[in-house]
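Worksheet: one structure, shown below.
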Amino acid sequence: MRRRRQRRGTAGARPRPGEEAASGATAARGGLGGRGLAASRPSSQPFLLGLSPALRSFALRDRSRQRLGPLPTRCLRYPGGLEETDRPPLGGETMRKFNIRKVLDGLTAGSSSASQQQQQQQHPPGNREPEIQETLQSEHFQLCKTVRHGFPYQPSALAFDPVQKILAVGTQTGALRLFGRPAVECYCQHDSGAAVIQLQFLINEGALVSALADDTLHLWNLRQKRPAILHSLKFCRERVTFCHLPFQSKWLYVGTERGNIHIVNVESFTLSGYVIMWNKAIELSSKSHPGPVVHISDNPMDEGKLLIGFESGTVVLWDLKSKKADYRYTYDEAIHSVAWHHEGKQFICSHSDGTLTIWNVRSPAKPVQTITPHGKQLKDGKKPEPCKPILKVEFKTTRSGEPFIILSGGLSYDTVGRRPCLTVMHGKSTAVLEMDYSIVDFLTLCETPYPNDFQEPYAVVVLLEKDLVLIDLAQNGYPIFENPYPLSIHESPVTCCEYFADCPVDLIPALYSVGARQKRQGYSKKEWPINGGNWGLGAQSYPEIIITGHADGSVKFWDASAITLQVLYKLKTSKVFEKSRNKDDRPNTDIVDEDPYAIQIISWCPESRMLCIAGVSAHVIVYRFSKQEVVTEVIPMLEVRLLYEINDVETPEGEQPPPLSTPVGSSNPQPTPPQSHPSTSSSSSDGLRDNVPCLKVKSSPLKQSPGYQTELVVQLVWVGGEPPQQVTSLALNSSYGLVVFGNCNGIAMVDYLQKAVLLNLSTIELYGSNDPYRREPRSPRKSRQPSGAGLCDITEGTAVTEDRCKSPTSDIKDNSFSRSRSSSVTSIDKESREAISALHFCETYARKADSSPSPCLWVGTTLGTVFIITLNLPPGPDQRLLQPVIVSPSGTILRLKGAILRMAFLDATGCLMPPASEPWKEHNVPEEKDEKEKLKKRRPVSVSPSSSQEISENQYAVICSEKQAKVISLPTQNCAYKQNITETSFVLRGDIVALSNSVCLACFCANGHIMTFSLPSLRPLLDVYYLPLTNMRIARTFCFTNNGQALYLVSPTEIQRLTYSQETCENLQEMLGELFTPVETPEAPNRGFFKGLFGGGAQSLDREELFGESSSGRASRSLAQHIPGPGGIEGVKGAASGVVGELARARLALDERGQKLGDLEERTAAMLSSADSFSKHAHEMMLKYKDKKWYQF
């Protein structure tokens, strides 16, 4: 029956959960049986950008194969992915007889017994592996976005609710970000993706109106944790340019490009029949169109008077009742904004020539005052020189002093290179506040929401192109508030990131304590005034840390616990290098034009707090955490000459590595003397640059603050005029005291305790005599590496495919991937370059004959090969610094299809074995003898679970490549389980993670699918189409971590977090904060006796009577289309997907409805009981007094 089901499977068919996927042999004949892969949707050309030539040619061949039909059976599908049918067995392996037992566990089986034999190797019946009980099932998984952190990318609009104290920011991509008190923020998205041009709060109503560039208005409900659209209105014949919603009004004024004003009822989101036409608003004698509406506001003291500003310079005061213009004000310069004085007798306009005009309402002939804030006042009464446009002005009054006039723009044209400014004019003083980026919008925060009262401004919120600044108006010098939101992710462009969940509990306090000393001074002493909303109930209690690497060489540690984000500590890795003072002084950094310190890879050990980074200039730095400040007299430094030579393949398999470049036997090892930090004059005999690192390490003493302190700097050097290739993989082990890194030339291992190079081999030397590839001699290369290769160059020519190592700074300068490789490498040479793509330290079995596990290094390459290198560590901590670490290849070679991405190890019970590590201790404090003795007793060389295992217990190696995953049984090295993850695409990121007291493999594919597999059986558990690979930034920053958490950089300024855990999805509603909280609206200002008597106070207007259907009729149906929104449903639905989640949400909705019906039933029953009681008492009273006369009462 099972065999028959396999034969029915056709090429391109998608297996159901639990069915066997198509075998590798079937796939080689043209089948597209990869799980969850859109076989009908081949990779488009943009997806090829940033791939190695091997992957590019493979993807292009895949496309042509789909057009040309099936391939012959023995055709190789991928240069590094040799199936077992395509190669002789390595290391004396023999093909074992196939055993059908494991098919039931979800193995990928072939369509014939021969292909099954090639697809998997099983133990003979006499040597069966113990069955591992797997607890993870499909119902444990559900994909759901959780929160988005960072600065809103490309902001375009700003609004503030002065009662709820909530800030809203709209963007050019249709996103909406809402900010309340610190850690209360929310992200929403308009489906159309059109730019947000304006936002208007319904103050203290828990609602927001957004106006988009596609001429739609949307009403958002903010009274739920996930805001949703209640209504939409699409204007069909006119372009929306400006909106105004008066305080405590339900009628929204909408100005258009044609100069007309329409009125929308925000309750029903329908148009009123009342329209103000532009030709009625302007003078009849005017022959020209006044331009689009740029401003609408009602007179603070008379709601019946509407001030309309047209772009051409005309301002009209419209009487809503009489439907005619009272006054018209004309100025010969275009208007950008208008603002009222709170008494309603004056208003101020900002113009395109950098002037401000102040008008009296009753004097339309000319302005009362004309001000040019930044213009040079010329003598002889001449008009000042024109300035840049004043884009916005606000006019705010105070009871105790002069009014504030706040404006953006208006600088004189001769201030070339001056930064954007916000100008605050208060009385006779004018303060010009320079900003780091262009000003998008600003708002003045005032004590009262009523426009007809003294405004009492206390702060200005300024939305910049890449920052949000809040200025304190109440303190001298106008200091800024310290921003509590995590908006500085992009302070320098993010080049890589890593995510760690369930960290040691003492880590976050330790990082916070050293980071607190880095805070800037001079902030306002007041609390952050945007403090609306309430925090959610944090159900997650485990610590989470995000580490971001940046283009300027900085590394930031973030506390990401309970879906919040807060910066803990910032490390500047560039401090160890000499800064170039001018361009002539930087000949060595020219493998990259810019950002020579940019971080490429981060390796961190949370238990020991050891940190290692690899930078774009082929440099590696090891850091140790300390709470003590130290001064390092000489920065320890090593130089490594990592060379790629075809002629060196003669090395036999078991031979020891070449002689060490540094003597390690001395009792007091010293750093390799780098000839007093080599200068750029170093060259070989033929005049080519040689043995020179790209960066110059500081020779002067380095003061190192508490936090991460430099332990060792390792640099790759130029070889024969060729720059060093960038590091593609990196690993550090604190228990062994080793750091290892590789690139497309080879691998190097360094002992950071003894400051010695232990291993320096080309990739070919790792094969020894087992190299299955025919490699062409290396073509001579004298041209240098292009700028930003690997970080900014997406079309990198080397065979490096581990995209997480390349950073997403392709968007830093522009959004195109147009930088091309300038090197003259031939295609043969490119494909023959086999880069090191994965490294993993562990204590395991290196050879089949091993009886007990020992320290090893597993090395994965871009051509799908895994090497095992054995490590012989000195016995005990006393001998560790005295004796050398012996490193030797084991001769074991394993093979997968596609570049190796990740490796991990499981013990005999299926539990994840973390790499060996040692607990953190303060390194800069001398230890007492007693403490040393304790340390000896409690500090083993390894703390991994394998050290306590019995010799007879086996292990499992989990290896994930771009194409498939394998579980190898150790020490037998048999392939216990195998899963072809994808045929038509490739895996960008794979992580072995802990979830619900079990372990799984999580993968993100270039076709947008997120998949999880059980371990060790590799049963598919989740396959969800999440997002296609539209940007290499996503590919390089995507990472999974424990407890079902994941993240990626969704834009250059924002981190998107998501979860694939069903439990987290169900708890998400509780964890999210509340934006809307019930707050009483402040009392309206007192009119006073005389103002009320003589009519001097604010005049109210019955807008319902004016704009309602009964008096103004219906609007034309063709003018705008009403679209009902999903509204409150989305509050329950959230952003989750999946059957279980839908059922949970439906159950929640039913529960809520049932609860409301129950409440109604209880109230009805109470009323009925009350009525019965009243009826009974009335009847008794009637009987009592029935026969009595009136005088007897």
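The values are calculated or read from the model by the stated rules, or taken from the named source; none is laboratory data. Since the structure is predicted, the reported quantities are computational estimates derived from the model, not experimental observations. We place every Cβ from the backbone using ideal geometry, glycine too, and count neighbours over all the protein chains shown. The area values use the complete protein model at the heavy-atom level, side chains included, leaving out ligands, DNA and RNA. Shrake-Rupley method; radii C 1.70, N 1.55, O 1.52, S 1.80 Å.
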Inset, instruction - Check Ser985 against each of (1) under 27 Å from Ala175 (Cα atoms); (2) at pLDDT below 95; (3) buried (at least 23 other Cβ atoms within 10 Å of the Cβ) and name the one condition it does not meet. - result: (1)
Legend entry - Asp441 vs. criteria charged (D, E, K, R), part of a loop (DSSP other than H, G, I, E, B) and either at pLDDT 95 or above or within 25 Å of Ala168 (Cα to Cα) (or both): no
Inset, instruction - Using the structure shown, decide if Lys287 is without any contact (Cβ under 8 Å) to a residue 40 or more places away in the chain, crowded, with 20+ Cβ neighbours inside 10 Å and farther than 22 Å from Ile390 by Cα. - result: no
Legend entry - Cross-chain or 6+ apart pairs with Cβ under 8 Å, the stretch 1063-1081 first and open to solvent by 60 Å² or more (accessible area, probe 1.4 Å), then small (Gly, Ala, Ser): Glu1063/Ser996; Glu1063/Gly1044; Glu1066/Gly1141; Glu1066/Ala1144; Glu1070/Gly536; Glu1070/Ala539; Glu1074/Gly533; Glu1074/Gly536
Legend entry - Glu238 being touching a residue at least 40 places away in the same chain (Cβ under 8 Å), closer than 22 Å to Leu463 by Cα and of a type in the set (Asp, Glu): no
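Which ones in the stretch 380-397 are part of a loop (DSSP other than H, G, I, E, B), at pLDDT 90 or above and open to solvent by 20 Å² or more (accessible area, probe 1.4 Å)?
Lys388, Pro389 - these are the residues of the stretch 380-397 that are part of a loop (DSSP other than H, G, I, E, B), at pLDDT 90 or above and open to solvent by 20 Å² or more (accessible area, probe 1.4 Å).
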Inset, instruction - With the condition kept exactly as written, say whether any residue in the stretch 255-262 is without any contact (Cβ under 8 Å) to a residue 40 or more places away in the chain, open to solvent by 30 Å² or more (accessible area, probe 1.4 Å) and not charged (D, E, K, R). - result: no
Inset, instruction - Scan the stretch 512-569 for residues that are surrounded by fewer than 21 Cβ atoms within 10 Å (Cβ to Cβ), modelled with pLDDT of 90 or more and of a type in the set (D, E, K, R) and jot them down. - result: Lys525, Lys526, Glu527, Asp552
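Might you let me know whether the stretch 956-976 holds any residue that is among the basic types (Lys, Arg) and either at pLDDT below 90 or under 27 Å from the mean Cα position of the chain (by Cα) (or both)? Give the derivation first.
Filtering the stretch 956-976 down to residues among the basic types (Lys, Arg) leaves 963, 966.
Add one more test, that the residue is either at pLDDT below 90 or under 27 Å from the mean Cα position of the chain (by Cα) (or both), and what stays is 963.
Yes, because at least one residue in the stretch 956-976 is among the basic types (Lys, Arg) and either at pLDDT below 90 or under 27 Å from the mean Cα position of the chain (by Cα) (or both).
Table: residues versus (1) farther than 23 Å from Phe179 by Cα; (2) β-branched (Val, Ile, Thr).
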position: Val440; (1), (2): no, yes
position: Thr448; (1), (2): no, yes
position: Val460; (1), (2): no, yes
position: Asn476; (1), (2): yes, no
position: Ile480; (1), (2): no, yes
position: Glu491; (1), (2): no, no
position: Leu511; (1), (2): yes, no
position: Gln521; (1), (2): yes, no
position: Gly536; (1), (2): no, no
Legend entry - All strands (runs of 3 or more DSSP E) inside the stretch 707-778 with 3 or more residues being among the polar types (S, T, N, Q): 707-716
Legend entry - Residues satisfying the stated conditions in the stretch 366-398, i.e. among the acidic types (Asp, Glu) and under 29 Å from Tyr327 (Cα atoms): Glu394
Inset, instruction - Mind listing whichever residues of the stretch 201-239 are open to solvent by less than 20 Å² (accessible area, probe 1.4 Å) and β-branched (Val, Ile, Thr)? - result: Val209, Thr216
Legend entry - The listed residue being more than 19 Å from the chain's Cα centre (by Cα), surrounded by fewer than 24 Cβ atoms within 10 Å (Cβ to Cβ) and not aliphatic (A, V, I, L, M), out of Pro1020, Pro1028, Pro1052: Pro1020
Legend entry - Residue that is modelled with the highest pLDDT [pool: residues in the stretch 359-379 that are farther than 21 Å from Val315 by Cβ and surrounded by 12 or more Cβ atoms within 10 Å (Cβ to Cβ)]: His374
Legend entry - Evaluation of Pro486 against (1) closer than 26 Å to Gln600 by Cα; (2) part of a strand (DSSP E or B); (3) touching a Leu at 6+ places or on another chain (Cβ under 8 Å); (4) not β-branched (Val, Ile, Thr) (one fails), failing number: (2)
Inset, instruction - For the stretch 713-726, indicate whether the set of residues that are under 31 Å from the mean Cα position of the chain (by Cα) and more than 25 Å from Glu498 (Cα to Cα) is non-empty. - result: yes
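Of a type outside the set (A, V, I, L, M), over 30 Å from Arg223 (Cβ atoms), in contact (Cβ under 8 Å) with a residue 12 or more places away in the chain and out of contact with any Gly (no Cβ under 6 Å at 6 or more places or on another chain): is that true of Asp441 in this structure?
Answer is no for this residue.
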Legend entry - Single condition Tyr736 does not satisfy, out of (1) of a type in the set (Ser, Thr, Tyr); (2) open to solvent by less than 10 Å² (accessible area, probe 1.4 Å); (3) within 22 Å of Leu571 (Cα to Cα): (3)
